[in-house]
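Peer 1: Below is the structure I would like to discuss, written out as structure tokens.
The values are calculated or read from the model by the stated rules, or taken from the named source; none is laboratory data. Treat the numbers as computed from the prediction; the structure is a model and nothing was measured. Heads up, the Cβs are rebuilt from the backbone with ideal geometry, glycines too, and the neighbour counts pull from every protein chain shown. Side chains are part of the model used for accessible areas, which takes the heavy atoms of the whole protein and leaves out ligands, DNA and RNA. Shrake-Rupley method; radii C 1.70, N 1.55, O 1.52, S 1.80 Å.
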Amino acid sequence: MKIGLIRCRQTEDICPGTMDFKVIREKKCAFEGIEEDIEIIGMVSCGGCPGKKAITRAEEIVKRGGDTIVLASCITKGNPIGFPCPHAKQIKEAIEKKLGDKVKIIDFTH
């Protein structure tokens, strides 16, 4: 599995992605039960509110070999600031519409 992480731009200053990398490496939380090796091929932000750049960035991840897009928990669950992205559902749907069955989407990390 070759994944590209998309994170919330608002949390970049306070979260270096440490927990995301840990749960991926240890295959916990959203990655529990994944048998194959997981390679992180990139980590980008959504580009800032309302997250429109996430779609083209997801497309670029796929062009560079990614087969899975992971929306980090800062987007979908609000970790660590306690405020989920109000555009998370719309971002996911737009990525699905753009990339179709070319890619798997995982909704959170931890």
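Peer 1: Are there cysteines in the chain with no second cysteine's Cβ under 4.7 Å away, and if so, which?
Peer 2: So, 15, 29, 46, 49, 85.
Peer 1: On to the next question. Using modelled amide H (1.01 Å from N, peptide plane; none on Pro or chain starts), what sits under 5 Å from the amide H of residue 104, excluding residues fewer than 5 places away?
Peer 2: For residue 104, whose amide H was placed from the backbone, the distant partners under 5 Å are 68, 69.
Peer 1: What net charge is computed for the residues neighbouring residue 1, neighbours being all others with C-beta under 9 Å from the C-beta of residue 1, Lys and Arg scored +1, Asp and Glu -1? Don't skip to the end; give the middle numbers.
Peer 2: Numbers: positive: 2, 104; negative: 36, 37, 39, 67.
Taking every Cβ under 9 Å from that of residue 1, the sum is -2.
Peer 1: Quick one: compute the contact order of the chain, relative version, from alpha carbon pairs under 8 angstrom and 6+ residues apart, as a percent.
Peer 2: 37 percent
Peer 1: With a 1.4 Å probe and every protein chain kept in, tell me what percent of the accessible surface of the chain is carbon plus sulfur. Walk me through the numbers before you get to the answer.
Peer 2: Values: 3100 of 6320 Å².
The value for the chain is 49 percent carbon and sulfur by accessible area.
Peer 1: Express the accessible area of the chain per residue in Å², computed with a 1.4 Å probe while the remaining protein chains stay in the model. Kindly include the intermediate steps, with their values, before the conclusion.
Peer 2: Working: 6320 Å² over 110 residues.
Dividing the accessible area of the chain by its residue count gives 57 Å².
Peer 1: Treating only the Cβ atoms of Lys and Arg (+1) and Asp and Glu (-1) as charged, compute the dipole magnitude of the chain about its Cα centre; round to the nearest 20 debye. Working shown, then result.
Peer 2: Values: 19 positive and 16 negative charges, 80 e Å.
About 380 debye.
Peer 1: With n ≥ 4 as the cut-off for DSSP H runs, can you work out [θ] at 222 nm for the chain, using -39500 (n - 2.57) per run divided by the number of residues, rounded to the nearest 500? Numbers along the way, then the final one.
Peer 2: Numbers: 4 runs with 36 residues, N = 110.
After summing the helix terms and dividing by the residues of the chain, the value is -9000 deg cm²/dmol.
Peer 1: Here's something else I'd like to know. Assuming 0.36 nm per residue, please report the length gained on full extension of the stretch residue 94 to residue 56 beyond their Cα-Cα distance.
Peer 2: Working: separation 38, 0.36 × 38 = 13.68 nm, distance 0.99 nm.
Taking 0.36 nm per residue and subtracting the Cα distance, the gain is 12.7 nm.
Peer 1: What are the ³J(HN,Hα) couplings of the range 46-55, residue after residue, when phi is run through the Karplus curve with 6.51, -1.76, 1.60 and θ = phi - 60°? Round to Hz, x for glycine and proline.
Peer 2: Per residue, the Karplus-derived 3J(HN,Hα) values read 6, x, x, 4, x, x, 4, 6, 4, 5 Hz.
Peer 1: From the backbone phi of the range 30-36, what are the Karplus-calculated ³J(HN,Hα) couplings (6.51 cos²θ - 1.76 cosθ + 1.60, θ = phi - 60°) in whole Hz, Gly and Pro given as x?
Peer 2: With coefficients 6.51, -1.76 and 1.60, one gets 5, 9, 5, x, 7, 7, 6 Hz.
Peer 1: Still on this model: Would you mind pulling out the separation of the Cα centroids of the range 65-99 and the range 1-64, in Å?
Peer 2: With the range 65-99 and the range 1-64 each reduced to a Cα centre, they are spaced 9 Å.
Peer 1: Report Rg(Cα)/(2.2 N^0.38 Å) for the chain, keeping two decimals. Working shown, then result.
Peer 2: Numbers: Rg = 12.6 Å, N = 110, 2.2 N^0.38 = 13.1 Å.
For the chain, the normalised Cα radius of gyration is 0.96.
Peer 1: Moving on to the next point. Can you flag which of 22/102; 53/92; 27/77; 22/63; 52/104 are past 23 Å Cα-Cα?
Peer 2: Details: 22/102 26 Å; 53/92 12 Å; 27/77 19 Å; 22/63 25 Å; 52/104 19 Å.
From 22/102; 53/92; 27/77; 22/63; 52/104, over 23 Å: 22/102; 22/63.
Peer 1: What does the extension gain come out to for residue 21 and residue 64, with contour length at 0.36 nm per residue minus their alpha carbon separation? Don't skip to the answer; put the middle values down first.
Peer 2: Details: separation 43, 0.36 × 43 = 15.48 nm, distance 1.96 nm.
Difference between extended and current length: 13.5 nm.
Peer 1: Each residue of the range 60-68 in order: what ³J(HN,Hα) in whole Hz does its phi give by Karplus 6.51 cos²θ - 1.76 cosθ + 1.60, θ = phi - 60°, with x for Gly and Pro?
Peer 2: Result, ordered by residue: 5, 4, 5, 4, 9, x, x, 10, 9 Hz.
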